[in-house]
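Scroll down for the structure; my scribbles are underneath it.
The values are calculated or read from the model by the stated rules, or taken from the named source; none is laboratory data. Every value quoted in this text rests on a predicted model; they were computed, and no experiment measured them. Every residue, glycine among them, receives a Cβ derived from its backbone with ideal geometry; neighbour counts consider all protein chains shown.
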Amino acid sequence: MNVLDLIRTKLIKQKRLNDAQFLMAKSYRGVPYVDAHHDDPPQQAKTKHLTYRGQSYDH
């Protein structure tokens, strides 16, 4: 590995760590956050009656 690869790898690692810390901090500052892999999305109380190509459904 050359020096530029080492620097680039270090910068990528720092950016990923910063992004992860930012996402984890969202849950502690009152912003609703749903992890697509581990959490169920919050259920909406209101449903809409929609139609797509003649088929009706509630969303």
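Quickly run through the stretch 36-59 and pick out the residues that are part of a loop (DSSP other than H, G, I, E, B), modelled with pLDDT of 70 or more and surrounded by 10 or more Cβ atoms within 10 Å (Cβ to Cβ).
Thr47 - this is the single residue of the stretch 36-59 that is part of a loop (DSSP other than H, G, I, E, B), modelled with pLDDT of 70 or more and surrounded by 10 or more Cβ atoms within 10 Å (Cβ to Cβ).
Within the stretch 9-27, does at least one residue satisfy the condition of being among the small types (Gly, Ala, Ser), in a helix (DSSP H, G or I) and either modelled with pLDDT of 75 or more or surrounded by 10 or more Cβ atoms within 10 Å (Cβ to Cβ) (or both)?
yes
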